[in-house]
Amino acid sequence: TTGAAVMAMLVRVTRAVGEAFHNEGLSLWHSIGEAGGQEVPHLHFHVQPRRVGDGMLQVYPHAPEMPDEQGREAYAEQLRRRLELLEQ
């Protein structure tokens, strides 16, 4: 399928970037929608070599508030229900 081919290519490119450029890790991301910073709707992925403390891609100005265990379970249940609906 197209999705499998895209993911297989993404794995190949990510591996090549990791081997071709000095890094201590990699970031891989895709942004969707205006709030995600996407200006023109299309599919693309970023593969970015990283170094510890590089400050790149600082998503949050401060650490996000973490929900308690009950809140996390509610989120998990919401996702489980949505996944079940998508499988139908």
**Request:** Sort through ALA16, ALA8 and tell me the only one that's in a helix (DSSP H, G or I) and surrounded by 11 or more Cβ atoms within 10 Å (Cβ to Cβ).
**Result:** ALA16
**Prompt:** Would the stretch 74-84 turn up any residue that is aromatic (Phe, Trp, Tyr), surrounded by 10 or more Cβ atoms within 10 Å (Cβ to Cβ) and not in a loop (DSSP other than H, G, I, E, B)?
**Reply:** yes
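We did not get these values from a lab; they are worked out from the coordinates using the rules stated. A quick note: this is a predicted structure, and the numbers were derived from the prediction, not measured. Here the Cβ is made from the backbone with ideal geometry for all residues, glycine too, and neighbour counts use every protein chain on show.
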